[in-house]
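Comments concern the structure below.
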Amino acid sequence: MGRWAHTGPWRRLRGDDIDAVARAMTALEIAPLADRDVDALSGGQRQRALVARALCQEPELLLLDEPTSSMDEHSRGLIATTVTALSGAGVTVVQTTHDAAVITSAERVVRLEDGRVAA
């Protein structure tokens with residue numbers, strides 16, 4: 001589904017589409033889960049699959065809402081590494097988080113309180 005922006009829904013994937021999916025799944029260590037239904041994955045696996053689906057779109061802007069919430073340390077590290085690599089490659093990444101480690105590693109931070117910009 002992550003390639004639908006390039007192929008259109010329900011169309012056959014081409015070689016470059018398959019490569020993009022493989023890269024995203026490998027980066028987030030979910031390639032061994034490729035044959036499983038998303039509903040059969042654990043919460044952390046599902047979250048990584050959803051991020052991988054977004055990566056497959058090869059976006060210029062990636063919006064993430066609490067992408068590492070309720071994840072184990074390893075999964076949080078995979079997401080962080082992937083986000084850092086994307087940002088370094090010129091992708092604009094905007095994410096919401098309460099995770100102090102993510103906040104301190106961000107290039108820019110906007111802190112909200114009661115729905116308003118506080119800092």
So the helices (runs of 4 or more DSSP H) completely within region 23-119 holding 2 or more residues that are touching a Leu at 6+ places or on another chain (Cβ under 7 Å) are 43-56, 73-88
Per the filter on region 19-38, residues in contact with a Lys or Arg (Cβ under 9 Å, 6 or more places away or on another chain) and surrounded by fewer than 17 Cβ atoms within 10 Å (Cβ to Cβ) are Glu29, Val38
Note on Thr68: of the conditions (1) crowded, with 16+ Cβ neighbours inside 10 Å; (2) at pLDDT 90 or above; (3) among the hydroxyl-bearing types (Ser, Thr, Tyr), unmet is (2)
The condition from (1) exposed (fewer than 15 other Cβ atoms within 10 Å of the Cβ); (2) at pLDDT 90 or above; (3) of a type in the set (A, V, I, L, M, F, W, C) that Ala101 misses is numbered (2)
Residue set Leu62, Leu78; condition on the phi < 0 side of the Ramachandran plot and out of contact with any Ser or Thr (no Cβ under 8 Å at 6 or more places or on another chain); output residue Leu78
Picking from Ala106, Ala85, the residue that is modelled with pLDDT under 90, within 18 Å of Leu63 (Cβ to Cβ) and of a type in the set (A, V, I, L, M) would be Ala106
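Residue by residue, here is whether (1) in contact with a helix residue (DSSP H, G or I) (Cβ under 9 Å, 6 or more places away or on another chain); (2) closer than 15 Å to Met1 by Cβ; (3) among the aliphatic types (A, V, I, L, M) holds:
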position: Arg36; (1), (2), (3): yes, yes, no
position: Ser42; (1), (2), (3): no, no, no
position: Gln45; (1), (2), (3): yes, no, no
position: Cys56; (1), (2), (3): yes, yes, no
position: Gly88; (1), (2), (3): no, no, no
position: Gln95; (1), (2), (3): yes, no, no
position: His98; (1), (2), (3): no, no, no
position: Ile103; (1), (2), (3): no, no, yes
position: Arg111; (1), (2), (3): yes, no, no
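The values are calculated or read from the model by the stated rules, or taken from the named source; none is laboratory data. Please read these numbers as outputs of a predicted model, since none were measured by experiment. Reconstructed Cβ throughout: ideal geometry from the backbone, glycine too, with neighbour counts over all protein chains shown.
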